[in-house]
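Following this message is one structure expressed as structure tokens.
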Amino acid sequence: MKKFGILVGLFVAICMVGSAQIVKSKVVDNGGSGPYKAIVATEQTLQDFTIYRPENINEAVKTEGKLSILAFANGGCSNTSITHEKVLSEMASQGYIVIALGAMQMTFDDREHGKAEATMLIDAIDWISNQSKNKESDYYKKVDLKKIAIGGQSCGGAQVLFVAKDPRVKTYLMFNTGIGDMTMADASKASLKNLHGPVVYIVGGESDVAYANALLDFERISDVPVAVANLVEGGHMGTFGDKYGGSFARMATDWLDWQLKGKDENSSIFLESDLSAYPGWTMDAKNFKK
């Protein structure tokens, strides 16, 4: 028993390294391919969510400045992001703070899965906003509250539409989703009017069950800039299961780097269909100012 207690204590100590806020953590894909090794973590004050972040936030801030934020809703409107963790961890390794709905899981089967509420996206933004003002927090003065995105996959995209009118949100990521003429997660085609910033749909071709609805949304959106990035053979889960999140992670990061970090050179991907780094993809866009 003594040996077991020592091992447990060691495990907890390892999890607590670098932050008294972190209850437990793990590493996905060796921390990602970006310049900042990412961790997946449970925060003491946000245990019904999963944080994807650079392990050394100070190092990231030194290079990036204050970090941009993504709040993320899962496929199936689920309360677990474990099926999306490769993409989200990769984005964190590129210098983002990602807050996903649902408690962190070490493995897929370590707890039962349920549903998450769309309003949890707002709770995530509220939490990081409070943390940025808390002198005891890892995030104190280290996140940019003017650079907040929300995103979701499949049913999670409907949750994004439901809360999209929050004025703090600057841009939207819609993975394998489209509302079309459906009502889902309390959202409908009327919810498209909640969008007040640029939005990108990242879909997986005709074999993606959301493809037709995504195109219908694209056709109907008239008030904000919108792009549809399409991996022709991607299917409904795209590259969420690929190492480093595959090209879905890269496309999403290129979008956020443009929209939130001001990397205007990325605009050619979306506005000029410069897909030299994206074989197998197509692109369409409208409502952007030239």
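Would you mind telling me which numbered condition in (1) acidic (D, E); (2) surrounded by fewer than 22 Cβ atoms within 10 Å (Cβ to Cβ); (3) closer than 21 Å to I148 by Cα D110 fails?
Condition (3) is where D110 drops out.
Take the stretch 22-48 and flag every residue that is among the aliphatic types (A, V, I, L, M) and either surrounded by fewer than 20 Cβ atoms within 10 Å (Cβ to Cβ) or closer than 16 Å to T80 by Cβ (or both).
Quick first cut of the stretch 22-48, residues among the aliphatic types (A, V, I, L, M) only: 22-23, 27-28, 38-41, 46.
Listed by number, the residues that qualify are I22, V23, V27, V28, V40, A41, L46.
Among the residues of the stretch 231-246, which ones are surrounded by 22 or more Cβ atoms within 10 Å (Cβ to Cβ) and at negative phi?
Answer for the stretch 231-246, where residues must be surrounded by 22 or more Cβ atoms within 10 Å (Cβ to Cβ) and at negative phi: L231, G234, F240.
Go through the stretch 215-232 and count every residue that is in a helix (DSSP H, G or I), in contact with a helix residue (DSSP H, G or I) (Cβ under 9 Å, 6 or more places away or on another chain) and of a type outside the set (K, R). Before you say what the answer is, go through the steps one by one.
As a first pass, look at the stretch 215-232 and keep what is in a helix (DSSP H, G or I): 215-220.
The next check asks that each one be in contact with a helix residue (DSSP H, G or I) (Cβ under 9 Å, 6 or more places away or on another chain); those that pass are 216-217, 220.
Retained after the next criterion (residues that are of a type outside the set (K, R)): 216-217.
Number satisfying all stated conditions: 2.
Condition test on F218, is it more than 21 Å from S93 (Cβ to Cβ), buried (at least 18 other Cβ atoms within 10 Å of the Cβ) and modelled with pLDDT of 95 or more? Even if it seems obvious, please write down each step before you answer.
On the way: more than 21 Å from S93 (Cβ to Cβ): yes; buried (at least 18 other Cβ atoms within 10 Å of the Cβ): yes; modelled with pLDDT of 95 or more: yes.
So F218 fits the description; yes.
In the list A116, A73, which residue meets the criterion of being among the hydrophobic types (A, V, I, L, M, F, W, C), within 20 Å of T253 (Cβ to Cβ) and either crowded, with 24+ Cβ neighbours inside 10 Å or out of contact with any strand residue (DSSP E or B) (no Cβ under 8 Å at 6 or more places or on another chain) (or both)? Can you show your working first?
Numbers: A116 fails: within 20 Å of T253 (Cβ to Cβ).
Sole residue among the options that is among the hydrophobic types (A, V, I, L, M, F, W, C), within 20 Å of T253 (Cβ to Cβ) and either crowded, with 24+ Cβ neighbours inside 10 Å or out of contact with any strand residue (DSSP E or B) (no Cβ under 8 Å at 6 or more places or on another chain) (or both): A73.
With respect to T80, is the statement that it is free of Cβ contacts under 8 Å to residues at least 60 places away in the same chain, under 30 Å from A210 (Cα atoms), touching a Ser or Thr at 6+ places or on another chain (Cβ under 7 Å) and buried (at least 24 other Cβ atoms within 10 Å of the Cβ) true?
Working: free of Cβ contacts under 8 Å to residues at least 60 places away in the same chain: yes; under 30 Å from A210 (Cα atoms): yes; touching a Ser or Thr at 6+ places or on another chain (Cβ under 7 Å): no; buried (at least 24 other Cβ atoms within 10 Å of the Cβ): yes.
So T80 fails the test.
Looking at the structure I just gave you, is Y211 more than 22 Å from M182 (Cβ to Cβ) and of a type in the set (S, T, Y)? Step through it out loud before you land on a result.
Working: more than 22 Å from M182 (Cβ to Cβ): no; of a type in the set (S, T, Y): yes.
Spelling it out, it is not the case that Y211 is more than 22 Å from M182 (Cβ to Cβ) and of a type in the set (S, T, Y).
Take the residues in the stretch 187-207 that are farther than 14 Å from G157 by Cα and in contact with a Gly (Cβ under 9 Å, 6 or more places away or on another chain), then tell me which one is surrounded by the most Cβ atoms within 10 Å (Cβ to Cβ).
For the stretch 187-207, the residue satisfying everything is G204.
Additional query: When the residues of the stretch 270-290 are narrowed to those that are in a loop (DSSP other than H, G, I, E, B) and aliphatic (A, V, I, L, M), which ends up farthest from Y211 (Cα to Cα)? So that I can check it myself, show each step before the final result.
From the stretch 270-290, those in a loop (DSSP other than H, G, I, E, B) are 272-280, 287-290; that's our starting set.
Filter again for aliphatic (A, V, I, L, M), leaving 275, 277.
Values: L275: 19, A277: 22 Å.
Across the stretch 270-290, the extreme among qualifying residues is A277.
Of the residues G262, G205, G178, G235, which single one is under 20 Å from I97 (Cβ atoms), among the small types (G, A, S), out of contact with any Lys or Arg (no Cβ under 6 Å at 6 or more places or on another chain) and part of a loop (DSSP other than H, G, I, E, B)? Before you say what the answer is, go through the steps one by one.
Values: G205 fails: under 20 Å from I97 (Cβ atoms); G178 fails: under 20 Å from I97 (Cβ atoms); G235 fails: under 20 Å from I97 (Cβ atoms).
From the options G262, G205, G178, G235, the qualifying one is G262.
Also, I was wondering about something else. Quick check on the stretch 128-167: of everything there that is within 15 Å of the chain's Cα centre (by Cα) and assigned to a loop (DSSP other than H, G, I, E, B), which residue is surrounded by the most Cβ atoms within 10 Å (Cβ to Cβ)?
Filtering first and then ranking leaves S154.
Could you list, in sequence order, all residues of the stretch 172-186 that are of a type outside the set (D, E), surrounded by fewer than 19 Cβ atoms within 10 Å (Cβ to Cβ) and in contact with a Ser or Thr (Cβ under 9 Å, 6 or more places away or on another chain)?
Listed by number, the list holds a single entry, M182.
Can you tell me which of S276, S222 is more than 21 Å from the chain's Cα centre (by Cα) and closer than 24 Å to L161 by Cα?
Details: S276 fails: closer than 24 Å to L161 by Cα.
Step by step, each of S276, S222 is checked, and only S222 is more than 21 Å from the chain's Cα centre (by Cα) and closer than 24 Å to L161 by Cα.
A quick yes/no check of all residues on (1) hydrophobic (A, V, I, L, M, F, W, C); (2) under 16 Å from A149 (Cα atoms):
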site	(1), (2)
M237	yes, no
G241	no, no
G262	no, yes
F270	yes, no
M283	yes, no
F288	yes, no
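Pairs needed: first member in the stretch 174-198, closer than 9 Å to F162 by Cα; second member anywhere, in a loop (DSSP other than H, G, I, E, B) and among the charged types (D, E, K, R); C-beta distance under 8 Å; at least 6 residues apart or different chains.
From residues that are closer than 9 Å to F162 by Cα, the pairs are N194/K165.
The values are calculated or read from the model by the stated rules, or taken from the named source; none is laboratory data. Keep in mind that what you see is a predicted model, and the values were worked out from it rather than measured. Quick reminder, even Gly has a Cβ in these numbers, built from the backbone with ideal geometry, and neighbours come from all protein chains shown.
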